[in-house]
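Below is one structure; the comments refer to it alone.
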Amino acid sequence: MISVQLALPGLILSEPAEEWVWRDDYDEVDNVKRFEHATVMRQEIVHTIAPRPGATYVDATLGAGGHTVALLEAEPKARIVGLDRDPSAVDAARDLLRPVADRVVLRCAPFSRLKAELNALDVARVDGVVADLGISSIQLDDGARGMSFRRDGPIDMRMNPTEGPTALELIRSVDDEELANIIFRYGEERRSRRIARSIRKALTDDDLHSTLDLRRAIVRAVGPARVGGIDPATRTFQALRIAVNGELEELAALLSALSDVLVDDGTAAILSFHSLEDRLVKRTFFESGWSPLTKKPVVATDEECEQNPRARSAKLRAARWSAGSVP
C-alpha cells in the first residue's frame, strides 16, 4: 500500500420515497471528461464545516482533493488530513495540493482506519470530518476499473485495485443463492434471483469476461427497459461494488469512530449516494451525543445538478458531536 505524507508543521510529531440508487447513465453526459474534477456540494460542505484558523479537519474521502481545496480556500490557516483507499487518488491529490503541502497530510488508507491513522500522526482529536461516499468520476469513467456498465473493461470494481478479490472473483466464489442475496441486499433489486441465474449461466458458458458481458447477462434476465428511469444493470453493479469493497462495513466503522476523534462541538458531514448509506448515517446522527444540523438531508441545487448530473443522487447529512450530552 502506498502512503504519501506531506509536511504539516505543528501536527506531525517525528429517507426518500422515490427510487434512489447511484446512477452513471445520464444521457446528457456526452463528454465525461467535463466532469472529471467535479466536487459535489462543495459550498454546502464548506458552510457546514465552517473551517477556523489553526483547526484540523479530516477529508476522509480525498478523491481528487476537491473538498480539501474548498476548505483551504475558505480558511487558508486550517490544516487537513486526507485519506483515500485508492492509491491513484492519493497520487492525483498530492500533485493538486503541492502548493499547500505545509497544511496537508495525505494517507493511503480506508476511512475505517480513521482513528488508527490519526493515532499514527499523534493527532488525538480533530475539529471536523468530511466524507463523500460516492465513487469518483475518475474511477467511474475509467473502463479499466470496471465500475461502470457503460464502458468495457474487466469486472473488477475494487476501490484499491491492489487489494482483495475482484467482482468477477467474487461471482466465481459464491453460488446462485449467495449471489442473489448480494444483489438483493446491496442493490435492493427485486429480480435478483433471475439475474443471478443469468450471470451464473454466462460464467458457465465462458461468456463473462468484461463489464459489458456482465450487463448483457443482466439484460438477458430482465430485459432492456429502464425501471424508474435507471438502466437495468444499475442495481446489480451497485450491489457487486458494495460487496467487493465492503462499503457498508467501512461506513459503519467510520461512523463508530467519529465520536472518538472529534472534539466537543466538532462537526461531521457525510455525503451519501444511495439509501443504504443514508440510513446508516441518519441512524448514527440521531443517537445520543449527536445534534443533527438539519432535519432532512441537504440536496444539490438545480444549477449544480444541471452542471454535474451525478450530484442528483447526493444527500448531505451533518451533525455536531458533544460528549457532554451522552448520558
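The values are calculated or read from the model by the stated rules, or taken from the named source; none is laboratory data. Since this is a predicted model, take the numbers as computed values, not measurements. Because the Cβ atoms are built from the backbone with ideal geometry, glycine has one as well, and the counts that use them run over all protein chains shown.
Within segment 175-211, the set of residues being among the aromatic types (Phe, Trp, Tyr) and more than 26 Å from the chain's Cα centre (by Cα) is empty. Among the residues here, Arg158 qualifies as basic (Lys, Arg), under 17 Å from the mean Cα position of the chain (by Cα) and surrounded by 18 or more Cβ atoms within 10 Å (Cβ to Cβ).
Which members of segment 266-301 meet the condition of being of a type in the set (Asp, Glu) and in contact with a strand residue (DSSP E or B) (Cβ under 6 Å, 6 or more places away or on another chain)? The one that is of a type in the set (Asp, Glu) and in contact with a strand residue (DSSP E or B) (Cβ under 6 Å, 6 or more places away or on another chain): Asp278. Out of Val100, Val130, Val90, one residue alone is outside the structural domain of Ser210 (by TED's automatic domain parsing), under 19 Å from Gly266 (Cα atoms) and among the aliphatic types (A, V, I, L, M). It is Val130. Among helices (runs of 4 or more DSSP H) entirely within segment 232-327, having at least 2 residues that are closer than 20 Å to Asp59 by Cα singles out 247-261, 275-285.
Looking across segment 93-105, the residues that are more than 17 Å from the chain's Cα centre (by Cα) and either crowded, with 19+ Cβ neighbours inside 10 Å or basic (Lys, Arg) (or both) come down to Arg94, Leu97, Arg98, Arg103, Val104, Val105. Does segment 135-149 contain at least one residue that is closer than 20 Å to Gln238 by Cα, assigned to a strand (DSSP E or B) and in contact with a Gly (Cβ under 8 Å, 6 or more places away or on another chain)? Looking through segment 135-149, none of the residues is closer than 20 Å to Gln238 by Cα, assigned to a strand (DSSP E or B) and in contact with a Gly (Cβ under 8 Å, 6 or more places away or on another chain). Residue check, Ala64 against (1) crowded, with 24+ Cβ neighbours inside 10 Å; (2) within 20 Å of the chain's Cα centre (by Cα), all met but one. Which one? Just one mismatch for Ala64, condition (1).
To keep it simple, each residue is scored yes or no on (1) in contact with a Gly (Cβ under 9 Å, 6 or more places away or on another chain); (2) part of a loop (DSSP other than H, G, I, E, B).
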| position | (1), (2) |
| --- | --- |
| Leu83 | no, no |
| Ala89 | yes, no |
| Ala92 | yes, no |
| Asp102 | no, yes |
| Leu106 | yes, no |
| Arg113 | no, no |
| Asn119 | no, no |
| Gly128 | yes, no |
